[in-house]
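All remarks here apply to the structure that follows.
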Amino acid sequence: MLQSIPSLLAWIMGTSLAAISGAVTAKESGAFYAMMQKPSWAPPAWIFGPAWTLLYILMGTAAWRVWRDAGFRGAKVELACYALQLALNMAWSYFFFVRRTGLGATIEVVCLWLSVAVTLVLFWRRDQIAGVLFVPYLAWVTFATALTVSVWRRNPTLL
């Protein structure tokens with residue numbers, strides 16, 4: 001088991017690159033988010049960092065389990081879907097915070113949701129624990145989809 005720890009950490013760190021890239025794209029996201037009208041159920045800005053940290057750990061662990069079980073060749077489809085959803089995950093910040101397009105962010109987050117759902121199903125078929133580890137991510141992206149639409153509707157001049 002100890003020899004597995006470096007590869008697990010590599011998967012978590014690789015997955016976390018999506019977070020780093022999203023943060024770089026959204027340099028002024030805090031100020032922009034603060035000035036928007038948000039629904040009463042919107043979380044405070046400080047919750048996003050801890051939530052995403054936990055989600056990236058769970059996502060990386062799920063991908064690692066699939067990779068450990070089948071390798072890159074054996075889990076080609078599963079890991080390609082994983083890479084796609086990571087790319088879409090990174091792109092949301094660009095559409096919302098950089099381009100400031102509510103329509104673009106909404107279309108993007110719906111595509112993200114679909115790719116996360118497909119990845120969850122594929123991971124579940126390969127390794128049920130990996131599938132379960134993706135459930136909180138799908139729940140968060142579901143919430144993020146509703147929040148994106150709600151914020152866009154409340155801020156048509158900003159988005």
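Collect the residues in segment 90-114 that are polar (S, T, N, Q) and modelled with pLDDT under 95, keeping them in residue-number order.
Ser93
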message: Would you confirm whether or not segment 127-150 contains a residue that is free of Cβ contacts under 8 Å to residues at least 24 places away in the same chain and buried (at least 16 other Cβ atoms within 10 Å of the Cβ)?
response: no
Item to complete: Confirm whether Gly71 is over 18 Å from the mean Cα position of the chain (by Cα) and more than 30 Å from Thr157 (Cα to Cα).
Response: yes
Only one of Met35, Met90 is under 28 Å from Pro156 (Cβ atoms) and over 19 Å from the mean Cα position of the chain (by Cα), namely Met35
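The values are calculated or read from the model by the stated rules, or taken from the named source; none is laboratory data. Please read these numbers as outputs of a predicted model, since none were measured by experiment. With ideal geometry, Cβ positions are generated from the backbone for all residues, glycine too; neighbour counts draw on all protein chains shown.
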